[in-house]
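What follows draws every value from the coordinates through simple rules; no lab data is involved. In this text the structure is predicted, and so the values were computed from the model without any measurement.
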Amino acid sequence: MADTAPSPVPSAAPTEADADAALLARYAAGAQDAARLLAGRHAGRLLAHATRMLGGDVAEAEDAVQEAFLRLWRAAPGWRADGGARVGTWLFKVTGNLCIDRLRRRRTPVASLSDEGVAEPASQAPGAAAALMQAQRADALQRALNRLPERQRQAVVLRHLDGLSNPEIAAVMDTGVEAVESLLARARRALAADLVPKRDELGYADDRTDG
């Protein structure tokens, strides 16, 4: 009976982490376009995360994200692709730490939208009214997030707004999964206590249907 050659084992598809590591290695080797590609993969999510952490201050969030990338570029020559940190996790961790540092340096509570900062709708058409209500809800959520302790705020933003899993959050925050679960539980209780009494004011009562 003729021998049959073994079937080739299909190679695993490259993961997002593999692609990030490859781009960082290319940048370390001198390929400047790799930095642009890598930033394009992560900058948007990092900016959204930093903006939420910093109470809606986009300019300060941009500074924090830029600093995180500068630190990544400096770390690139010594980056370990095998066994080292994932680039995306590392960026979230550094960005979060930079945001917490900025919050702790502030002498006054985190800024949020004031009444004067909310633009009046152009008309009272249903679409304009709905847009204004959505803005008011977003502002109420940001104000409630601002009142959380920094670590609770970071955990709840990473979980519910950035969509990371609890193990991913644990890696970002340098803690265990059980500690993340505890932070999230406390944050949810605080947010509920803050926001539930405002359901009618924010129009959530109108969203409920009888049935």
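Couple of notes before you dig in:
- Sorted largest first, the spans of the alpha carbon positions of the stretch 16-111 along the three principal axes are 44, 23, 20 Å.
- Rounded to whole numbers, the Karplus 3J(HN,Hα) couplings from phi for the stretch 94-105 are 5, 4, x, 5, 5, 5, 5, 4, 5, 4, 6, 7 Hz, using 6.51 cos²θ - 1.76 cosθ + 1.60 with θ = phi - 60°, and x at Gly and Pro.
- Note: relative contact order over the stretch 16-111, using C-alpha pairs below 8 Å and six or more positions apart, is 35 percent.
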